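*Asks:* Pasting a structure here, questions to come.
We did not get these values from a lab; they are worked out from the coordinates using the rules stated. Not measured: the values here are computed from a predicted model. Neighbour counts are summed over all protein chains in view; Cβ atoms, including those assigned to glycine, are modelled from backbone coordinates with ideal geometry.
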Amino acid sequence: MLRPAQKSAIDQDPDFRWRGEDVTRIENLSDIVFAFSLSLLAVAPGAPATFPELLSIFRGAFAFAFAFAILLLIWNYHYIYFRRYGLSDQTTVFLNAALLFVVLLFVYPLRFLADFIFTLIPAFFTDFSEVAAMVGDAENGALLLVIYSFGYAAVFLIIAALYGHAASKRAALQLNDTEYLLTRRSRASALVQAGVAIFVAAIAGLTPIGPWAGPLYFLIGPATYFTQTRFGKA
């Protein structure tokens with residue numbers, strides 16, 4: 001079912017005619033889930049009972065910002081999708097439900113990994129006692145990265161499936177050549193995110209590098225740039 005066509009959103013998406021106008025119940029539910037996930041990120045350490053615990057929460061602001069940014073990235077993909085296409089057919093409902101399910105599962109591993117990263121960095125200048133208390137040993141650290149990576153990959157594979165579904169509806173949505181290309185580019189960008197996550201999971205789980213495979217996520221930058229450039233030329 002399509003919502004009425006809307007003029008281009010000049011301030012955000014000038015090359016795409018937004019077809020999503022009224023907010024559907026699908027999006028209402030999705031926004032509730034994203035808001036709840038953000039709340040879980042914020043309260044993950046628990047309410048402080050002492051002043052040192054309060055200070056530790058402020059020290060955890062960088063970890064929260066890191067996790068918040070990733071969740072916001074996922075939300076933005078979701079937001080742009082529904083504004084562009086306004087789809088609410090059975091396939092979209094199913095894929096959206098799967099995405100929300102994975103996001104809720106993903107919240108605590110995401111926050112735990114963020115806390116781990118921002119505990120690990122200062123440990124290089126002091127000692128690794130806090131790091132050891134969090135994960136125990138390198139094997140557990142590698143498993144943490146594998147769990148996070150599979151969650152990250154699952155999210156972006158579902159997003160890629162959503163954009164692939166929109167591309168398959170080109171005729172019904174009356175996508176012009178530019179809009180169809182942008183749809184394929186969004187799908188490719190999501191696949192890049194998922195591909196890097198799967199690669200990191202494989203390196204972390206199958207090689208001696210283990211938990212030190214995390215910096216390989218920086219490959220997302222050049223891989224995304226290559227993908228955007230390729231579609232930009234087209």
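*Asks:* Could you order the peptides 156-163, 187-194 from most to least packed, using the average number of other C-beta atoms within 10 Å per residue?
*Replies:* Details: 156-163: 22.8, 187-194: 20.8.
In descending order of packing, they fall as 156-163, 187-194.
*Asks:* Highest first, please rank the peptides 201-211, 141-151 by the mean number of other Cβ atoms sitting within 10 Å of their residues. All intermediate terms of the calculation are to be shown ahead of the outcome.
*Replies:* Details: 201-211: 16.7, 141-151: 21.7.
The packing order, highest mean first, is 141-151, 201-211.
*Asks:* Give me the percent relative contact order of segment 25-233, please, defined on Cα pairs under 8 angstrom at least 6 residues apart.
*Replies:* Values: 187 pairs, mean separation 43.9, N = 209.
Contact order relative to length: 21 percent.
*Asks:* Related question: With the convex hull built on the Cα atoms of segment 97-181, state its orientation-averaged projected area in nm². Could you put the intermediate results ahead of the total?
*Replies:* Working: hull surface 31.2 nm².
So the Cα hull casts an average projection of 7.8 nm².
*Asks:* Could you work out the local net charge near Ser39, counting Lys and Arg as +1, Asp and Glu as -1, over the other residues with Cβ closer than 15 Å to its Cβ?
*Replies:* Working: positive: Arg111; negative: Asp31.
So the environment of Ser39 carries a net charge of 0.
*Asks:* Report the percentage of all Cα-Cα pairs in segment 25-233 whose separation exceeds 26 Å, rounded to a whole percent. Kindly include the intermediate steps, with their values, before the conclusion.
*Replies:* Values: 9001 of 21736 pairs.
Percentage above 26 Å: 41.
*Asks:* Sort the following peptides by mean Cβ neighbour count (other Cβ atoms within 10 Å, averaged over residues), highest first: 108-114, 81-87. Let's see the in-between values first.
*Replies:* Numbers: 108-114: 20.9, 81-87: 23.4.
Most protected by this proxy first, the peptides run 81-87, 108-114.
*Asks:* Quick one: length gained pulling Gln90 to Ile26 fully straight, 0.36 nm per residue minus the C-alpha distance?
*Replies:* That pair, Gln90 and Ile26, stretches by 21.9 nm at full extension.
*Asks:* Ranking Tyr225, Tyr217 by Cβ neighbours within 10 Å, fewest first, what do you get? Please report the intermediate quantities before stating the final value.
*Replies:* On the way: Tyr225 12, Tyr217 17.
Neighbour counts put them in this order, fewest first: Tyr225, Tyr217.
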